[in-house]
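This report refers to the structure that appears directly beneath it.
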Amino acid sequence: MKARVYKSTGSWYHIKDETGKMYNARIKGVLKIDGFTSTNPLAVGDLVEMELENSKEENAVITALRDRGNYINRQSPRAKHQHHIIAANIDQSVLIATLTEPRTSQGFIDRFLVASEAYHVPAVILFNKADLYRKKELELFTEWKQMYEEVGYRVILCSAKEKTGLDELEDLLKNKISLFSGHSGVGKSTLINYLLPGLALKTKDVSGWSGKGLHTTTFAEMFDLPPAVGGSIIDTPGLREFGLVDISRQELSHYFPEMRRLIPDCQFNNGLHLDEPGCAIKKALEEGRINVDRYVSYCNILDSIEEKQY
C-alpha cells in the first residue's frame, strides 16, 4: 500500500494512505536510501510503501521509500556537517517574513531562496504583519518587493491579524503542497489557523526583550487544506538561521537567477565573480542591472561557505 508521511516524531511517523486513513507507523529494519546520509531517514511529504502491523489496522510498518521528486534540506541544528531534510515532494516553498517584531534579515531571505533554487523548489516570499508597518517598513517593503520581483520571485503582503492579503495567499496555495518556513514569531501559526480554522495551532507572542519569536512548533507536520482550496501545507519549526549544505563556492552564483543568466558571458566559467577579469556579473553590477544589495548578500553567503578539504 502507498502512503504519505504527514508527521515524524523521531522513530514514529504519522502516515496517510490513498483512502485518507491515518496510521501510526515505524520503519521496518533499515531503509535503503542510496548515497544519502541525513539525520532523519524519512521526511514529511515522503511517499512510502506500507504494510499493516496488526489486525486492528491502527499501526503500520513502512517497508520502502519511493523516489523523491525533490526535497529541501538545511544543516542539521545539532551536527554542522549533517543534513536535516525539512520536507520532500513539495510544489512550492513559502517563506513567511516580517519587517518588524521580529525583522527578517535580507541575508536570511536570500539563504532561503538559494536553498530553494538548489533543490528546484519554486519560492514565494510572504511578508506578514502588514498592520504593524509604518512609513519606514512600507518603504523597505516596496524596495524589497521590486528587488525580488525583478529576479522572478512572487512577493505577497498580508496581515494575518487584519485578514488582508489572505485571498491572494489562498489562491497561491490552491491544489499545491506548500512548505511554510520562517523565523519563530513571524505569525506562521496564526496564518495556518486562519487557513485551517479547526486546527488551533499554538501561537505565542514574540518573546519580550530579545525580539526573537518563541518556538511553538517542534516537528514538521503536513495539514490538508479545506476541499474548496485543495492541496496541503507543511508547517516547519521556526528557523533561527538557514545553514546551507552541499553548496560549493563555485556553485553559489548559479542559485542567484540574475547571476545565473550571465554566467555564460563570463571569461572564466568557474569564477567567483569577485575580481576576475572579463566578468559579466561585475559589469552588470556596475551598470545597475544587478541589485547591489543582492550582490552583497551573495558575497556574504560566499564568505560563509567553507571549502571542503579533499
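Over 29 Å between C-alpha atoms is what I'm after, so list which of Lys2/Lys163; Lys174/Lys282; Lys145/Lys283; Lys135/Lys283 land there.
Values: Lys2/Lys163 38 Å; Lys174/Lys282 40 Å; Lys145/Lys283 24 Å; Lys135/Lys283 34 Å.
Flagged as over cut-off: Lys2/Lys163; Lys174/Lys282; Lys135/Lys283.
Here each label is just a point 7 Å from Cα along the line to Cβ, and for Glu150 and Gln250 those points are 3.0 nm apart.
Segment Leu138..Asp91, full-extension length gain: 14.0 nm, with 0.36 nm per residue of separation and the alpha-carbon distance subtracted.
Once fully extended, how much extra length lies between Thr190 and Asp275, figured as 0.36 nm per residue of separation less the alpha-carbon to alpha-carbon distance? Walk me through the intermediate numbers first.
Working: separation 85, 0.36 × 85 = 30.60 nm, distance 4.59 nm.
Between Thr190 and Asp275, full extension yields 26.0 nm more.
Leaving out ligands, DNA and RNA but keeping every protein chain, what accessible area does Asp265 have, in Å² rounded to the nearest 10, with a 1.4 Å probe? Only protein atoms counted, so the area is about 100 Å². Given a 1.4 Å probe and the protein chains as shown, Glu58 ends up with an accessible area of around 110 Å². Each 10 Å bin from zero up to the one holding the largest Cα-Cα distance in region 76-179 carries the following percent of pairs: 13, 44, 33, 10, 0. The 1.4 Å probe gives accessible areas that order Lys136, Lys283, Lys129, largest first, as Lys136, Lys283, Lys129.
The values are calculated or read from the model by the stated rules, or taken from the named source; none is laboratory data. Quick caveat, the model's predicted, so the values are computed rather than measured. All Cβ positions, glycine included, derive from the backbone under ideal geometry; neighbour counts span all protein chains shown. Side chains included, ligands, DNA and RNA excluded: accessible areas come from the protein's heavy atoms. Shrake-Rupley method; radii C 1.70, N 1.55, O 1.52, S 1.80 Å.
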